[in-house]
Amino acid sequence: MYKDLNGDKVIDGRDMKVDGFPDHPEYVFGSNWKFGYKGFNLSLNWVAATNVSRVWNMDYRIPFTNSGHRGLLSYFAQNCWIPNDNGWAPGREDGTLPRFTKTNYPWNSMNSTLWTVDASYIRLKSASFGYTFSRNKFFDKLRISSLSLMFTGYNLLTFSKMTLQDPEAKADDSDGEYPLVKTYNIALSITF
């Protein structure tokens, strides 16, 4: 539903207003934590941003996007409005998205607060956990001066209300065509 903001009983372009925050974060945070105990070490890199909004691009607003040649996105099907008396499916009159249709999408997909989402996030950008083995007779026999085993991960956790796209991506690069990549590595370091 669109609201007649200026009270002239006509819903048109004069009823538009700025809503939310800019698409570049007003505040960006970072924190590096390092812990060590005996041979163990742990390193965590957290990043965060707040006071940032994104408006879903058309690929997320129009059902059957790309001129109706794509499938219906599951989040759209699960949250769309369906009248109770439709005769073909159980109604869902508490749906938060417009009913899906090929003919009315220009009206349903206009810029509005419906398509604006809080893109604030907290992310564990990288983490590493390792152990450095103590020197012993076996290492001396092999002439190993140090041996370490390490597990590292990248983009391990993200906490955000923006779930369909990467909240850290640039606003003008938010097609969502490539998923956020998580990377896991195991490393063995031997020094002779």
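Values in this text are rule-based calculations from the coordinates and carry no lab data. From a predicted model like this one, the values you see are computed outputs, not experimental measurements. Virtual Cβ from ideal backbone geometry, glycine too; neighbours counted across all protein chains shown.
Key figures
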read-out: In sequence order, calculated HN-Hα J values of the stretch 44-59 (Karplus, 6.51, -1.76, 1.60; Hz; x Gly/Pro); value: 10, 10, 9, 10, 8, 8, 9, 6, 9, 10, 10, 9, 3, 7, 4, 4
read-out: Integer Hz, Karplus 6.51/-1.76/1.60 couplings in order for the stretch 130-140, x for Gly and Pro; value: x, 9, 9, 6, 6, 5, 8, 4, 5, 5, 4
read-out: Set of lysines with alpha-carbon distance to Lys34 below 23 Å, sequence-local pairs under 8 removed; value: Lys125, Lys182
read-out: Options Ser128, Phe159, Leu149, ranked by Cα towards positive dipole end of the stretch 115-171, top entry (Cβ charges); value: Leu149
read-out: For Arg143, net neighbour charge (Lys/Arg +1, Asp/Glu -1) across residues whose Cβ lies under 15 Å away; value: +2
read-out: Other-chain or far-sequence residues with amide H under 5 Å of Phe21's (modelled H); value: Ser53
read-out: Karplus-derived HN-Hα couplings along the stretch 113-124 (A = 6.51, B = -1.76, C = 1.60, θ = phi - 60°), whole Hz, x at Gly and Pro; value: 5, 4, 9, 9, 10, 6, 9, 5, 7, 10, 9, 7
read-out: Label-to-label distance, nm, for residues given as Met150 and Ser112 (7 Å Cα→Cβ offset); value: 5.2
read-out: Modelled FRET efficiency - R0 45 Å, Asp12 with Tyr37, Cβ distances, 0.05 increments; value: 0.10
read-out: Computed label-point distance, nm, for sites Phe129 and Tyr75 using a 7 Å Cα→Cβ extension; value: 3.0
read-out: Centre separation in Å (Cα based) which lies between the stretch 1-47 and the stretch 121-150; value: 38
read-out: Cut-off under 5 Å, modelled amide H: who pairs with Asn6 long-range; value: none
